[in-house]
1. For the chain, with a Gaussian network of springs between Cα atoms less than 10 Å apart, report the residue from 94, 67, 42 with the top mean-square fluctuation.
2. Along each principal axis of its Cα atoms, how long is the chain end to end? Whole angstroms, biggest number first, please.
3. Taking 8 Å as the Cα distance limit and 6 or more residues as the minimum spacing, I'd like the relative contact order of the chain as a percentage.
4. Looking at the stretch 48-152 only, what percent of DSSP beta bridges run antiparallel? Nearest 5 please.
5. Subtracting the Cα-Cα distance from 0.36 nm times the residue separation, let me have the gained length for residue 144 to residue 116 in nm, one decimal.
6. Rank these for me by crowding, 26, 5, 140, going from fewest to most other beta carbons within 10 Å.
7. Can you compute the helix-only [θ] at 222 nm over the chain? Use -39500 (n - 2.57) per DSSP H run of at least 4 residues, normalise by all residues, nearest 500 deg cm²/dmol.
8. Sorting 27, 86 on the 10 Å Cβ count, fewest up front, what's the list?
């Protein structure tokens, strides 16, 4: 399976999940590494924009196409099984994601996007034994379409 990640160019070779470990994020608490990826490039773009804002998109970014092993165990959290307004409660989602990491039974956690719940992010557990099979297959500079700058 190929998933996508857009990251600042200085981190284009880093799929360790350490950024999420330092700050924590929607699906993990600080202190727990997790690699955030999206099922497609457009969702990856939106996920980044909601975090950095339109003013910061002129920085240098890279698009990574990341290969996940097809036989890797995947746990899925369905949007209809989450509480109402789950997107507004990061303590709720970070508790679930951190529990997934601690359990360590699966390499991948498939979750609904908080931006578009019908689409999915694939969160990868760097502590899982199969993480060594996770590879960057392609990396290229990612330049945001100039028309996005009009949304400031």
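Each value in this text was obtained by applying a stated rule to the coordinates, not by laboratory testing. Computed from a prediction, not measured in an experiment: that's the story for all the values here. Cβ coordinates were reconstructed from backbone atoms using ideal geometry, including for glycine residues, and neighbour counts include every protein chain displayed.
1. Comparing 94, 67, 42 in the GNM, the peak value goes to 42.
2. 42, 36, 27
3. Working: 279 pairs, mean separation 49.1, N = 152.
With pairs under 8 Å counted, the relative contact order is 32 percent.
4. Values: 12 of 15 bridges.
Among the beta bridges of the stretch 48-152, antiparallel pairing accounts for roughly 80 percent.
5. Length gained between residue 144 and residue 116: 8.1 nm.
6. Fewest-to-most ranking of 26, 5, 140: 140, 26, 5.
7. -6500 deg cm²/dmol
8. Working: 27 24, 86 18.
Fewest to most other Cβ atoms nearby, the residues stand as 86, 27.
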